[in-house]
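Notes for the one structure printed next.
The values are calculated or read from the model by the stated rules, or taken from the named source; none is laboratory data. Just so you know, these numbers come straight off a predicted model, no measurement behind them. Note that each Cβ is placed from the backbone with ideal geometry, even for glycine, and that neighbours are counted across all protein chains shown. Heavy atoms of the whole protein, side chains included, go into the accessibility calculation; ligands, DNA and RNA do not. Shrake-Rupley method; radii C 1.70, N 1.55, O 1.52, S 1.80 Å.
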Amino acid sequence: MKGIRPDEITAILRQELSGFRSEADLEEVGTVLQVGDGVARVYGLTEVRAGEMVEFENGTKGIVLNLEEDNVGVVLLGEEAGIKEGSKVQRTREIASILVGDGLLGRVINPLGEPLDGKGPIQGKLYRSPLERKAPGVIYRRPVHQPLQTGLKAIDSMIPIGRGQRELIIGDRSTGKTAIAIDTIINQRRTHEDPDDEPVYCIYVACGQKASTIAQVVDTLQRYNAMEYTVVVAAPASAPAPLQFLAPYAGAAIGEYFRDSGRHALVIYDDLSKQAVAYREVSLLLRRPPGREAYPGDIFYLHSRLLERAAKIIDDDEVAKQMNDLPPDFRSFVKGGGSLTALPIIETQAGDVAAYIPTNVISITDGQIYLEPDLFNAGIRPAINVGISVSRVGGNAQIRSMKKIAGRLKLELAQYWELEAFAKFGADLDPATMRQIERGRRNVEILKQKQYSPMPVEEQIAIIFASTRGFLDNVPLNKVAEYEQQYLDYLRANHADVLKRLKQGELDDAIENTLAKVAEEIAKQFQ
Amino acid sequence: MLPERIAHRWAKALYELAQERNEVETAKEELLQIQQLLKTSKEFFLFIKSPIIPHKRKAEIIKKLFEQRFSAMITLFLEKLALKGRETILPEIVKAFMDYYYERNGILVAKVVSAAPLDSSILEEIKAFLAARYKKQILLEQEVKPRLIGGFQIWVKDKMVDLSIYGRLQQLRKQFHLTEYKARV
């Protein structure tokens with residue numbers, strides 16, 4: 001260790017304290033009447049505003065949630081130890097907010113913006129944004145029209161998601177909900193590498209997850225070089241309930257920074273059922289009256305105001321600058337054309353989608369992706385039930401070539417599910433039916449996809465084309481994956497131009513002929 | 001319901017009754033004495049707060065204690081309080097009554113907390129300053145808290161100006177906490 005010279009210490013101390021003001025301010029102070037279960041009732045603080053941050057003597061921060069006749073209800077965002085009856089509480093005059101900026105990319109933070117990854121303070125210019133912000137009004141939005149590619153064949157073809165959409169991922173535990181979200185984040189790497197595309201920044205909000213799971217997600221994202229364009233907002237199960245229910249709002253605030261600066265962002269709320277539980281806990285402790293399933297009356301509003309913040313902003317910069325409820329810090333850089341896509345996740349109990357929270361969120365979002373344990377166990381992964389999954393607006397955002405191909409795939413799959421029941425009896429079926437069933441099996445087979453291997457949209461189109469046109473009909477089922485591999489390798493090596501045109505949305509006879517020729521050629525090797 | 005809110009209602013009723021009977025000043029004086037008694041006599045405080053002694057018994061004892069010393073109105077009030085089972089919030093009621101009294105009479109209660117007792121000249125100065133600022137009659141309370149190390153704090157309701165060494169040190173600590181130390185050596 002180097003020697004330390006006293007004058008250096010003095011210089012550093014002086015620099016650190018240069019912002020210290022020595023004159024006294026008028027402070028507003030309240031007194032704790034009662035504290036327990038993460039909630040404090042405070043006397044005084046007559047001028048405090050709802051949602052304001054307050055600070056306790058021991059440095060713990062709190063948020064004012066209840067304003068009553070003669071006291072205020074404060075939820076604690078940290079340690080309860082050291083706070084007792086008669087402790088002083090100070091106003092900060094700041095509504096709960098978070099500092100956002102490009103420096104957050106690649107970082108793991110808590111819902112208050114404090115880094116959790118031990119990489120030191122957040123770098124770069126930061127802008128203050130309130131956690132609770134009103135969603136943009138009608139005139140500042142435009143309908144969804146650009147695709148957000150998840151890289152998953154089953155989703156991009158049949159349940160397409162557009163930039164600015166809110167698509168719910170719903171399913172039982174361990175059916176691969178988070179896996180879909182992570183694959184989608186990994187796939188956004190392409191938007192950053194492709195000079196023709198507009199990059200999508202990602203925010204992963206872990207709310208009420210196990211800390212070990214969060215660490216795993218961060219590790220995965222790092223392994224696939226996805227962390228550099230991703231922010232992880234972590235409120236693990238060990239965090240106080242108020243932090244857990246604020247985490248999605250913090251994620252939305254970060255997403256809005258990208259959205260309002262004319263860029264694209266994708267935010268994943270993993271998961272909102274745990275957020276609802278955290279909010280229920282806080283509400284009950286604040287003695288708000290419980291309703292159905294003991295959730296408070298404003299549980300619907302809790303989710304709707306969060307998900308409404310996902311939006312596609314109008315292209316006109318002048319209009320976008322007038323946007324409602326813009327934080328003052330944002331005024332300098334507001335641009336139109338940005339978007340915030342939300343992928344909320346809901347965990348159901350034993351497939352019960354008619355429970356309170358799932359029905360609420362289903363009705364708020366623009367569609368949902370159902371995941372089923374039966375499919376998962378049958379080896380169909382991602383375990384998406386395409387029959388009941390829908391995307392209400394994404395169709396407008398799908399590229400033309402994919403749209404053409406996907407219609408046929410959907411139809412064939414629907415017919416297959418209907419006939420499949422018969423096939424199980426092993427009954428004698430006429431050849432036409434048999435053919436349909438065989439086709440369906442192959443379609444299902446090509447929709448299977450390994451985890452962490454999102455696929456570019458042009459390759460998805462190529463393989464779906466091959467299957468729906470019947471080129472795989474004579475390929476044994478267990479060879480389909482191998483076929484896919486060879487077929488795509490060949491296309492990449494010899495027909496890069498065709499793939500490129502597919503990506504731009506073109507699909508004419510010339511392209512179809514080339515694809516058909518290759519598909520047929522390769523199928524021969526497997527017969 | 002919170003004890004503060006109940007206390008407020010009792011205090012208001014008592015104040016209005018006293019006003020009707022033109023006994024506000026005596027009521028105030030006597031309640032101040034009770035406040036003092038609650039502070040100094042631990043036995044009395046425990047007696048008031050005790051959940052074991054039946055309310056009826058408490059009322060009888062209160063009658064015996066205060067009949068000769070206090071006005072009829074206050075004695076009756078305390079008795080009634082005990083019979084209604086609200087005697088445990090007597091300290092809050094006294095406080096609420098005083099707040100109400102000061103508010104009605106345009107008096108602002110301010111408090112000076114200092115590390116050591118202050119000279120009366122300084123107190124007068126602070127009083128004059130507050131009176132000029134709030135345009136109200138000021139009742140200045142004094143409290144000594146050695147924890148402050150030096151200097152003083154002025155409290156007006158829930159507003160406070162901190163001019164103590166303790167507060168300064170706290171602020172300093174926060175400052176260090178905010179600007180994370182960056183190695184430059």
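Looking across segment A:26-59, the residues that are at the interface with another protein chain (Cβ under 10 Å from one of its Cβ atoms) and open to solvent by 20 Å² or more (accessible area, probe 1.4 Å) come down to A:Leu26, A:Glu27, A:Thr31, A:Leu33, A:Gln34, A:Arg41, A:Tyr43, A:Thr46, A:Glu47, A:Glu55, A:Glu57, A:Gly59.
For segment A:73-101, a residue qualifies if it is within 25 Å of the chain's Cα centre (by Cα) and either open to solvent by less than 30 Å² (accessible area, probe 1.4 Å) or at positive phi (or both), and the qualifying residues are A:Leu77, A:Ala96, A:Ser97, A:Ile98, A:Val100, A:Gly101.
Of all residues in segment A:1-21, exactly one satisfies the criterion of being open to solvent by less than 70 Å² (accessible area, probe 1.4 Å), more than 8 Å from chain B (Cβ to nearest Cβ) and at pLDDT below 75, namely A:Gly3. Residue under question is A:Pro248, and the condition is that it be open to solvent by less than 10 Å² (accessible area, probe 1.4 Å) and either in contact with a helix residue (DSSP H, G or I) (Cβ under 9 Å, 6 or more places away or on another chain) or of a type in the set (A, V, I, L, M) (or both); does it hold? Against the criterion (open to solvent by less than 10 Å² (accessible area, probe 1.4 Å) and either in contact with a helix residue (DSSP H, G or I) (Cβ under 9 Å, 6 or more places away or on another chain) or of a type in the set (A, V, I, L, M) (or both)), A:Pro248 qualifies. Within segment A:503-525, residues that are within 26 Å of A:Arg190 (Cβ to Cβ) reach partners that are open to solvent by 60 Å² or more (accessible area, probe 1.4 Å) and not in a helix (DSSP H, G or I) with beta carbons closer than 8 Å, at six or more positions or on different chains, in the pairs A:Ala519/A:Arg469.
Conditions tested, residue by residue: (1) out of contact with any helix residue (DSSP H, G or I) (no Cβ under 7 Å at 6 or more places or on another chain); (2) in contact (Cβ under 8 Å) with a residue 40 or more places away in the chain.
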position: A:Gly30; (1), (2): yes, yes
position: A:Val35; (1), (2): yes, yes
position: A:Gly38; (1), (2): no, yes
position: A:Leu45; (1), (2): yes, yes
position: A:Gly59; (1), (2): yes, no
position: A:Asn66; (1), (2): yes, yes
position: A:Gly73; (1), (2): yes, yes
position: A:Ile83; (1), (2): yes, yes
position: A:Gly86; (1), (2): yes, yes
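The helices (runs of 4 or more DSSP H) falling completely within segment A:276-379 that include 3 or more residues that are crowded, with 20+ Cβ neighbours inside 10 Å map to A:299-307, A:356-364.
Restricting to segment A:397-419, what's the tally of residues that are more than 25 Å from A:Thr433 (Cα to Cα) and either at pLDDT below 90 or surrounded by 20 or more Cβ atoms within 10 Å (Cβ to Cβ) (or both)? It would help to see each step written out before you state the result.
Applying the first criterion (more than 25 Å from A:Thr433 (Cα to Cα)) to segment A:397-419 yields A:397-403.
From the residues that got through so far, the ones that are either at pLDDT below 90 or surrounded by 20 or more Cβ atoms within 10 Å (Cβ to Cβ) (or both) too are A:397-399, A:401-402.
Total meeting the criteria: 5.
All conditions but one from (1) in contact with a strand residue (DSSP E or B) (Cβ under 7 Å, 6 or more places away or on another chain); (2) open to solvent by 30 Å² or more (accessible area, probe 1.4 Å); (3) within 13 Å of another protein chain (Cβ to nearest Cβ); (4) more than 26 Å from B:Thr40 (Cβ to Cβ) apply to B:Arg133; the one that does not is (1). Where in segment A:166-267 are there helices (runs of 4 or more DSSP H), lying fully within it, with 3 or more residues that are touching a Ser or Thr at 6+ places or on another chain (Cβ under 9 Å) and more than 27 Å from A:Pro373 (Cα to Cα)? Once the helices (runs of 4 or more DSSP H) in segment A:166-267 are filtered for at least 3 residues that are touching a Ser or Thr at 6+ places or on another chain (Cβ under 9 Å) and more than 27 Å from A:Pro373 (Cα to Cα), what remains is A:241-260. Those helices (runs of 4 or more DSSP H) of segment A:432-527 in which 2 or more residues are surrounded by fewer than 20 Cβ atoms within 10 Å (Cβ to Cβ) occupy A:480-494, A:496-503, A:509-524.
Answer yes or no as to whether B:Val144 is closer than 24 Å to A:Tyr43 by Cα, open to solvent by less than 40 Å² (accessible area, probe 1.4 Å), of a type outside the set (Ser, Thr, Tyr) and away from chain A (no Cβ under 14 Å). No: the conditions fail for B:Val144. Counting only residues that are of a type in the set (Gly, Ala, Ser), within 29 Å of A:Ile399 (Cβ to Cβ) and open to solvent by less than 20 Å² (accessible area, probe 1.4 Å), segment A:102-152 holds 1 of them.
When B:Lys12, B:Lys39, B:Lys64 are checked against the criterion of being open to solvent by 70 Å² or more (accessible area, probe 1.4 Å), under 18 Å from the mean Cα position of the chain (by Cα) and free of Cβ contacts under 8 Å to residues at least 12 places away in the same chain, a single residue qualifies: B:Lys39.
For segment B:1-54, give me each residue that is of a type in the set (Gly, Ala, Ser), closer than 26 Å to A:Tyr43 by Cα and either touching a Lys or Arg at 6+ places or on another chain (Cβ under 6 Å) or not in a helix (DSSP H, G or I) (or both). Selection gives B:Ser50 alone. Selection of segment B:158-167 for residues being outside any strand (DSSP E or B) and touching a residue at least 12 places away in the same chain (Cβ under 8 Å) yields B:Ile165, B:Tyr166, B:Gly167.
Condition check ((1) modelled with pLDDT of 90 or more; (2) more than 12 Å from chain A (Cβ to nearest Cβ)) across all residues:
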site: B:Lys95; (1), (2): yes, no
site: B:Tyr101; (1), (2): yes, yes
site: B:Lys111; (1), (2): yes, no
site: B:Ser114; (1), (2): yes, yes
site: B:Leu118; (1), (2): no, yes
site: B:Lys159; (1), (2): no, no
site: B:Tyr166; (1), (2): no, no
site: B:Gln171; (1), (2): no, no
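Looking at segment A:383-395, I want the residues that are of a type in the set (Phe, Trp, Tyr) and have a partner that is buried (at least 16 other Cβ atoms within 10 Å of the Cβ) and part of a helix (DSSP H, G or I) with Cβ atoms under 9 Å, at least 6 apart or on another chain. Which pairs are those? Sorted first by the residue in segment A:383-395, then by its partner, the list stays empty.
In segment B:148-156 there is at least one residue that is open to solvent by 50 Å² or more (accessible area, probe 1.4 Å), modelled with pLDDT of 90 or more and not assigned by TED's automatic domain parsing to the domain that holds B:Leu32. Checked against (1) outside any helix (DSSP H, G or I); (2) surrounded by fewer than 18 Cβ atoms within 10 Å (Cβ to Cβ), B:Phe70 passes all but condition (2). Of all residues in segment A:222-236, those that are at pLDDT 95 or above and open to solvent by less than 10 Å² (accessible area, probe 1.4 Å) have Cβ atoms under 9 Å from Cβ atoms of residues that are among the basic types (Lys, Arg) and not in a loop (DSSP other than H, G, I, E, B), 6 or more apart or on another chain, in A:Ala226/A:Arg189; A:Tyr229/A:Arg189. Among the residues of segment A:167-209, the ones that are open to solvent by 30 Å² or more (accessible area, probe 1.4 Å) and more than 19 Å from A:Tyr224 (Cα to Cα) come to 6 in all. Is one or more of the residues making up segment A:31-39 closer than 28 Å to A:Met227 by Cα and modelled with pLDDT of 90 or more? The answer is no; no qualifying residue exists.
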